[in-house]
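The structure appears below as structure tokens.
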Amino acid sequence: MGGVQDRDANAAVRRFRAPVVDMNSCPEPVGCVQHGLLQHAGILVCPRCGGHLEFSLDILECKCCGSEYPSDSGIPRLFFPHDVLYGPRDVTHKVKDFYDENPFPQYEDSDSADSLRERSLASPLARLLDNQLPASALILDAGCGTGHLANFLGMREERQVIGADLSLNSLREAKRFKDRWAVHNAGFLQMNLFRPPFRKAVFDVVIANSVLHHTSDPLGAFSLLAALLKPDGLFVLSLFNPLGRAGNNMRRLLYRLSKDRLAFLRWRSEKQRGRFIQRYKQPYESRHFLGEIAQEWFAANEFEFLYSSPRIGSQQLSGGEDLRYARWPGDRGMQLRTELGMMLRGIVNDGLFVMIGRNKVKPEQIEAGERSQAAVA
Ligand SMILES: C[S@@+](CC[C@H](N)C(=O)[O-])C[C@H]1O[C@@H](n2cnc3c(N)ncnc32)[C@H](O)[C@@H]1O
């Protein structure tokens, strides 16, 4: 990074540096994921320069560039801004402010480990991941929000799940739940997914559930996260589809034109507030076609297509399938029929689709740094 950019970056770090709240000594039980993140930093690197991090006086410190990363409520704050690279086009600040004000998804006061497990198992995606991910997988939930999925997946014995998000308020809720219900196999840290504070090729699974479409450069973010996967690792992502999202956008326009006088149609109780704001008040979202991900994004990053929900064409997918086998993502006609089906269902739902791909980059390519350079350029 050159002189002016360096100064900008330093200013940005200062802007994001918050007071250290606790951490006189590591309060986390030895052996749990949060303890590992706080003290050993084995898979962590400096989000600014990629240098080696060391734990000293309750702060993670980069031995290369000297940056310091304190913790808040036991959550390492490894956020580094990237607006110096993307300029005014960048939406990170807007999105960060939005989710700090409206952490998502919400927990209910009556929530417990059992109720979260029960609710998660009702979702085909969470069920599929819980059943199909390797028992001892190291998983990154990038943009984990308040950590419902990370806490649910972290309830399994040998698994290790790291939930990472830019919204500190969301992470505080995630960690509060984890601490209260002793979910030792989930840990949380603050990051910007354009500056992931992890070594390359360390995760078995990376999840970005309803996240990348809230960034200025979804494909760039996908490529950066893809580089964190081991060979044969799985990328699970969900995104909005332009046709599937049409119904939601019409309603959004209606609420805006009525200055929210019609909001009562969907927001009748405090419980519905979070979902309403999430669906209709987002500061920024992009939308993506099935083929764009299954063919373009996956090809650019050397992934093979495994799964999509809704299913494309005549595949008979149920949520219980085996993620070991690659599938054909269908031709444009089949994809369009699936998207038209989403448009019809978009009258009631929010137009998200899920896609899972497998990293086909070979270990030698990762060592030579080939994929990350090709994809991120
Ligand atoms: C719609 S919420 C999804 C939360 C969670 N994945 C879920 O499905 O319940 C989107 C999340 O992405 C996070 N996010 C957006 N841009 C990000 C970025 N650049 N780095 C890290 N997290 C980001 C937001 O803070 C927010 O918590």
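The values are calculated or read from the model by the stated rules, or taken from the named source; none is laboratory data. Here the structure is a predicted model, which is why all the values come from computation and not from measurement. All Cβ positions, glycine included, derive from the backbone under ideal geometry; neighbour counts span all protein chains shown. Calculation scope for accessible area: heavy atoms of the full protein, side chains included, ligands and nucleic acids excluded. Shrake-Rupley method; radii C 1.70, N 1.55, O 1.52, S 1.80 Å.
Points to keep in mind about this one:
- Selection count, segment 186-222, where residues are away from the ligand (no atom under 14 Å from the Cβ) and either surrounded by fewer than 23 Cβ atoms within 10 Å (Cβ to Cβ) or among the aromatic types (Phe, Trp, Tyr) (or both): 6
- Members of segment 34-59 that are touching a Lys or Arg at 6+ places or on another chain (Cβ under 9 Å) and either within 14 Å of Pro196 (Cβ to Cβ) or in contact (Cβ under 8 Å) with a residue 12 or more places away in the chain (or both): Gln34, Ile43, Leu44, Val45, Cys46, Pro47, Arg48, Gly50, Gly51, His52, Leu53, Glu54
- Applying the criterion of being within 22 Å of Asp322 (Cα to Cα) and in contact (Cβ under 8 Å) with a residue 40 or more places away in the chain to the residues of segment 102-131, the residue that is farthest from the chain's Cα centre (by Cα) is Asn131.
- Scope segment 45-87; condition among the basic types (Lys, Arg) and part of a loop (DSSP other than H, G, I, E, B); matching residues: Arg48, Lys63
- Any hit, segment 253-267, residues being open to solvent by less than 40 Å² (accessible area, probe 1.4 Å), farther than 16 Å from Pro105 by Cα, at pLDDT 95 or above and among the hydroxyl-bearing types (Ser, Thr, Tyr): no
- Taking residues in segment 318-340 that are closer than 18 Å to Leu239 by Cβ, and partners anywhere that are modelled with pLDDT under 80, the pairs with Cβ atoms closer than 8 Å and at least 6 places apart or on different chains are Gly330/Gly313; Gly330/Gln315; Gln335/Gly313; Thr338/Gly313.
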